[in-house]
Amino acid sequence: MSRRKHRAPRPARPPSRPAATPRAAAAPPPRTSPAPDGYRDSLPVRHRHAAGIDVGSRTHWAAAPAADGTLDVAEFETYTDSLRALAAWLRDRGVTTVAMEATGIYGDPLFDLLEAEGFEVLLVNPAYTSQIKGRPKTDRRDCQWIQRLHAHGLLPASFRPQADVAVLRTYLRQRAELVRAGARHIQHLQKALELMNVKLTEVVNDITGLTGQKIIRSILAGERDPLTLARLRDRRCRNSLDTFVRALEGSWRDEHLLALRLALASWEHYQAQQRELEAVIAEHLRRMKKTTELPPLPPLPRVRSRSANEPRFDVRAALYYVTGVDLTALDGIQAVTALVVVSEIGLDMSRFPTVKHFCSWLGLCPRVKQSGGRVRSSRTRKGKGRAARALCQAARSLWRCRTSLGSYLRRLKARLGPPEATTATAHKLARQLYQTLKSGQLPTKETAAAYEERQRQQAVAALQKKALRLGLQVVAPGEAVAAAPATP
């Protein structure tokens, strides 16, 4: 048998650190944290009245310099009164500039409130504020680290457009959500028709068009005769009446008819919301109109029909009076594409020092990774924003365009492949867009023939240079070859 020694119970240890700050509506009592010795002397302090905030969904942790040289750290809840208390807490400590680390939309209310209170607010990407590996990571430590980096001027601010452009961006993003939601219910319409073996999708391109809506509404009204339904087709339909009659004979089950009715009602609901939002967007663009007089907008050479998801107002004219230049004159840029790009990048191109900074922010230029004297990778950044995706979509529309950009796209496609060629063409299109918005003038257009001739001359010059380096001679077809001097 083993004998156990009976030991006296140890006395309870006092807590090693103070208790957590209670979360209250008013500003919580500050918790100071001494600054490490000599850290202010290691790098020059550019912002002596800087604060750092680690944004969360439930609480925000803030760090601000105190009068005695230490850092005050406090935790605030995310309610509106707590955000006001956070602003007052920063003002009491003489803070003039704030760096916020935020992901998603949790930091937007705090950003707007601090900006309205007169603070200089920087929204910082978490990739720039990550702590040194190996150190414990807590919200309390993160806000102190953000404040330290911001005090030394080491945190670049994320791009945010002007206030009126930010409002336009919110409207357009909401409209894109409505378009996607409506597209899902169009798929529900197609599924219900397919389950009834009604091949309407085989004889019309768009079931929400004029012919498709007439036939679907007639079906829901109780019509079952294929010939009567087929006579509702538009005269411009390519398929014949007999083909429509064969396609519109189905099973007409009650459960599928109910699904068809609900899908149509949902699609009409989103269409109504989309029209309401488009009216708000048109009114906002009228308020953003330039006060200077502009020449009248020239008419389009060819008026095309409106696509299904295109806004129901003149986007080209509204955007012209906002930017002062017709962006649709650029190759591949449609009115909706230009509206999306302007809502994402704004109108002030001075925010980007050079065109290279602009293309780098879009993620359309190579991201070179070099190590040991060798280039390990030169791919573009993973993930592209809405502006870059819109420019890539504009570049993809130039496959058969007889312009200089179309020739450039086809030339790169043969050498690099379609994805890389599209990104390179979008990069060139972004450079043209930057120069247009910055100078207010459209670039000089170059025809496809002139571009191809210039490329041919460059290829001939390169070939002649290489032949001269190898001691050879380039001779054009039909040209006499000069006799080489005889060697002794």
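The values are calculated or read from the model by the stated rules, or taken from the named source; none is laboratory data. As the structure is a prediction and not an experimental result, all values here were calculated from the model. Note that each Cβ is placed from the backbone with ideal geometry, even for glycine, and that neighbours are counted across all protein chains shown.
Could you check how many residues of the stretch 195-252 are aliphatic (A, V, I, L, M), over 20 Å from Q271 (Cα atoms), in contact (Cβ under 8 Å) with a residue 24 or more places away in the chain and surrounded by fewer than 17 Cβ atoms within 10 Å (Cβ to Cβ)? The number of residues fulfilling the criteria is 1. Before we move on, is A430 in the same structural domain as I333 (by TED's automatic domain parsing) and under 30 Å from R160 (Cα atoms)? In short, yes. Can E278 be described as in contact with a Leu (Cβ under 9 Å, 6 or more places away or on another chain), of a type in the set (D, E, K, R), closer than 20 Å to L178 by Cα and part of a helix (DSSP H, G or I)? Considered against the rule, which asks whether it is in contact with a Leu (Cβ under 9 Å, 6 or more places away or on another chain), of a type in the set (D, E, K, R), closer than 20 Å to L178 by Cα and part of a helix (DSSP H, G or I), E278 comes out as no. Residues in the stretch 63-98 that are of a type in the set (A, V, I, L, M, F, W, C) and either outside the structural domain of R140 (by TED's automatic domain parsing) or over 12 Å from L110 (Cα atoms) (or both): A63, A64, A66, A67, L71, V73, A74, A88, W89, L90, V95. Residue-level check: of (1) out of contact with any strand residue (DSSP E or B) (no Cβ under 7 Å at 6 or more places or on another chain); (2) assigned to a loop (DSSP other than H, G, I, E, B), D331 misses just (1).
Results for (1) in a loop (DSSP other than H, G, I, E, B); (2) modelled with pLDDT under 90; (3) surrounded by 10 or more Cβ atoms within 10 Å (Cβ to Cβ), shown as yes or no for each residue.
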{"site": "M1", "(1), (2), (3)": "yes, yes, no"}
{"site": "R7", "(1), (2), (3)": "yes, yes, no"}
{"site": "R13", "(1), (2), (3)": "yes, yes, no"}
{"site": "P36", "(1), (2), (3)": "yes, yes, yes"}
{"site": "A63", "(1), (2), (3)": "no, no, yes"}
{"site": "S82", "(1), (2), (3)": "no, no, yes"}
{"site": "A85", "(1), (2), (3)": "no, no, yes"}
{"site": "R91", "(1), (2), (3)": "no, no, yes"}
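Scanning the stretch 367-413 for residues that are in a helix (DSSP H, G or I), aliphatic (A, V, I, L, M) and free of Cβ contacts under 8 Å to residues at least 60 places away in the same chain returns A387, A388, A390, L391, L409, L412. Of all residues in the stretch 468-484, those that are closer than 18 Å to Q457 by Cβ and of a type in the set (A, V, I, L, M) have Cβ atoms under 9 Å from Cβ atoms of residues that are exposed (fewer than 10 other Cβ atoms within 10 Å of the Cβ) and at pLDDT below 80, 6 or more apart or on another chain, in V475/V481; V475/A482.
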